[in-house]
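S.K.: Supplied in structure tokens, the structure appears directly below.
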Amino acid sequence: MSSVTIGIGGAAGDGLDKTGDTLAKTASRLGLYVHAYNSYQSIIRGGHIWLRVRLGQEKVASHGDHLNALIALNQDAIERHAGEVDPGGVVLFNADKLRCNVPLAETILAAPLPVGELTKPFGAIQPIMQNTVALGALLFLLDLDFQITAEVFADTFGHKGKAVVDQNVNLARAGYDYARERFVPLGCQWNFTRKRRPFITGNEAFCLGAVAAGCKFYSAYPMTPASAILHWMAAHGERCGIVVKQCEDELAVANIAIGAGFAGVRAMCGTSGGGFALMTEAIGQAGMIEAPVVIIEVQRGGPSTGIPTKTEQADLNQVFGASQGDFPRVIIAPCDTRDCFHSAVEAFNLAEKYQLPVIIISDLLLSEHPETIEPEDLPAAVPIDRGEFVTEWKPENGKYKRYAFTPSGISPRAIPGTANTLYVAASDEHDEEGILISDVFTNSAVRRKIAEKRMKKLGLALRDLPAPQLEGPLDAEVTLIGWGSTRGVIHEAVEQLAAAGIRANQLHFKYILPFHSREANEILRKCKRTICVEVNATGQFARHLRAESGYSVHDHILKYDGEPFEPGQIADQVRAILEGRTRSLDVTSAEAREIAYHYIRSHLNEDVRPGQIEKMDGNGLAEMLWRIEIVHRDSGEKQGELRVGVETGSTYSWQSAS
């Protein structure tokens, strides 16, 4: 197997994150590539949390779409995910509390672990550490070096003392030894290079890029999924020489960052869509006074509070329209974790060179999922371009004009306190010296020239940005278009299509504004069929592409349920489009099962689960129904039925069997 995907399922508080992190760091230190994704909820305890960790001999670009192994920490995880395990895989679970009550293929190993027996020698509290025991068993099944895991435990828990480290090592060893005595490894053929690679998230990469670029100020108000940037900056800011300010709201966040940029330091702020909405007036001021500032907008499911812990690419229209009026801004959409680092560096250079706000638009998937990247992709020394910076102004050169008309539109910038450079900077429209013109009757010519001066910079900035490149065969029968975080998953979908005999290629966009309209049109008009893949409901990037280049895509693949794309989902929809099959928006049986789980959690009790599901007539209702049996988890005895609309997903009725 060139790659292996492990799923870890349970409730919030079961230790999924630490289990996955330990596994990922073990694999990374052995020289394997790792890509992880944590599907979590906005709760501290309970619910259903689902973590996927993918390991590969070569670089893996997504969290995949299948499982080779499942660690189930509660009954929910078995019932929901055991069916996703491929033949030849394994399901690990605590035999003291759980049972594998779903049918498995003959070649899938059901591996019950007697957690109570294995942990008894180490104390009464140990059974709650079932995740550590299961991790140990998994290490054996995946042929991973246990000693490396012991080192990871020492690094992770060393600050808590030797007793805690030994506790984790002993419990994992118990699971490892139990599996070695009873099970057969999955047959992974690893070649451990033991090259250590950083295992970091996109948010951490943004921070590292900002440090390398010379960022000296960061402001934020905590908002998922951008909060981790604030956490990192707060923890490391003092050592890195960065002033970190948690403000009372996002209005203050943006204004204080703009003030820092105006004062001459490299400044950045971060938020998600709701916070960005509050920043928009301040962003307009940055455009008016031509102050450099970097803003990271990490998208999540909206509108309003939306889904704080789920991903989406639906804020593109918002960042286009932030603030009123026309002014230049640069919008960058990084494609992977490595790109987050370099995009941060690039953003600071563009902001200062062209004296404008630069928005980095990310999303929860890109910002929060961790993956391994090459250490050389995180250089300490990066190119720095501070643009037209005035450090001295001689009176004999004439009066200093902060907004002087120049062929490029870029005016020499002086920071406050530079001798002989006194000027006015305000949110009103102004002339070259910064003097407002709103009350001057001869302002029309000045207004036109100053607006043209600002907008010139956008065309100039475009020359600094690499144009998109078509990836894959030129004679492909279908071209998949994407932007931002979908690059890796689209790439794997293209590979799956090729394996199925469908020639596909990929055109991906990182630079959203300014836009390479001519280059995009030249590429796309030669493509046979184009499909735009986006994580939103309205095809926002496809609309932008059409507005900028005049090119209209043939089809869309859109996802807006809060979860990221999987390669197989894209490949399946491409095949359906090529075959002329219309995509149904009806609730699937799998979705009906999830609706039933939600109903059970909200209205029933944890002793029951969804059983058999089948379609039935609506009996006078306007739609067909899913009839879902609700059965007792232990006995399998029917407790009642739930009816869910096939078209609407509405819960129509609960009928008890008693």
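S.K.: Given the criteria surrounded by fewer than 19 Cβ atoms within 10 Å (Cβ to Cβ) and either more than 23 Å from Ala333 (Cα to Cα) or modelled with pLDDT of 95 or more (or both), does Val293 qualify? Please lay out each step first, then the result.
M.R.: On the way: surrounded by fewer than 19 Cβ atoms within 10 Å (Cβ to Cβ): no; either more than 23 Å from Ala333 (Cα to Cα) or modelled with pLDDT of 95 or more (or both): yes.
No.
S.K.: Determine whether the stretch 99-112 contains at least one residue that is under 20 Å from Tyr176 (Cβ atoms) and either assigned to a loop (DSSP other than H, G, I, E, B) or among the hydroxyl-bearing types (Ser, Thr, Tyr) (or both). Break it down into steps so the answer makes sense when it comes.
M.R.: Residues of the stretch 99-112 under 20 Å from Tyr176 (Cβ atoms): 109-112.
Checking which are either assigned to a loop (DSSP other than H, G, I, E, B) or among the hydroxyl-bearing types (Ser, Thr, Tyr) (or both) leaves us with none.
Within the stretch 99-112, none of the residues are under 20 Å from Tyr176 (Cβ atoms) and either assigned to a loop (DSSP other than H, G, I, E, B) or among the hydroxyl-bearing types (Ser, Thr, Tyr) (or both).
S.K.: Of all residues being in contact with a helix residue (DSSP H, G or I) (Cβ under 6 Å, 6 or more places away or on another chain) and outside any strand (DSSP E or B) in the stretch 356-371, which is nearest to Thr311 (Cα to Cα)? Just the residue, please.
M.R.: The selected residue is Leu365.
S.K.: Here's another thing I want to ask about it. Please enumerate the residues belonging to the stretch 228-255 that are over 23 Å from the mean Cα position of the chain (by Cα) and either among the charged types (D, E, K, R) or modelled with pLDDT under 95 (or both).
M.R.: Glu238, Arg239, Lys245, Glu248, Asp249
S.K.: For the stretch 620-648, what are the residues that are part of a loop (DSSP other than H, G, I, E, B) and farther than 24 Å from Asp607 by Cα?
M.R.: Of the residues in the stretch 620-648, the ones part of a loop (DSSP other than H, G, I, E, B) are 620-624, 633-637, 646-648.
Gly620, Leu621, Ala622, Glu623, Met624, Val646, Glu647, Thr648 - these are the residues of the stretch 620-648 that are part of a loop (DSSP other than H, G, I, E, B) and farther than 24 Å from Asp607 by Cα.
S.K.: How many residues, within the stretch 145-166, are crowded, with 16+ Cβ neighbours inside 10 Å, of a type outside the set (D, E, K, R) and over 18 Å from Arg182 (Cβ atoms)?
M.R.: 8
S.K.: Yes or no: the stretch 119-134 includes at least one residue that is in contact with a Phe, Trp or Tyr (Cβ under 8 Å, 6 or more places away or on another chain), of a type in the set (A, V, I, L, M, F, W, C) and modelled with pLDDT under 95.
M.R.: no
S.K.: Also, I was wondering about something else. For the stretch 68-80, indicate whether the set of residues that are surrounded by fewer than 18 Cβ atoms within 10 Å (Cβ to Cβ), closer than 24 Å to Val165 by Cα, of a type outside the set (D, E, K, R) and more than 22 Å from the chain's Cα centre (by Cα) is non-empty. Step through it out loud before you land on a result.
M.R.: Kept after step one, since they are surrounded by fewer than 18 Cβ atoms within 10 Å (Cβ to Cβ), are these residues of the stretch 68-80: none.
No: zero hits.
S.K.: Quick one: how many residues across the stretch 247-290 are buried (at least 22 other Cβ atoms within 10 Å of the Cβ) and charged (D, E, K, R)?
M.R.: Result for the stretch 247-290: 3.
S.K.: Identify the residue in the stretch 553-588 that is among the β-branched types (Val, Ile, Thr) and in contact with a strand residue (DSSP E or B) (Cβ under 8 Å, 6 or more places away or on another chain) and, among all such residues, is surrounded by the fewest Cβ atoms within 10 Å (Cβ to Cβ).
M.R.: So, considering only residues that are among the β-branched types (Val, Ile, Thr) and in contact with a strand residue (DSSP E or B) (Cβ under 8 Å, 6 or more places away or on another chain), the one surrounded by the fewest Cβ atoms within 10 Å (Cβ to Cβ) is Ile577.
S.K.: Can you tell me which residues in the stretch 178-228 are out of contact with any Asp or Glu (no Cβ under 7 Å at 6 or more places or on another chain), closer than 23 Å to Thr311 by Cβ and assigned to a loop (DSSP other than H, G, I, E, B)?
M.R.: Within the stretch 178-228, Pro198, Pro222, Met223, Thr224, Ala226 qualify.
The values are calculated or read from the model by the stated rules, or taken from the named source; none is laboratory data. Note that the coordinates shown come from a computational prediction; the quantities given were computed from them, not determined experimentally. Reconstructed Cβ throughout: ideal geometry from the backbone, glycine too, with neighbour counts over all protein chains shown.
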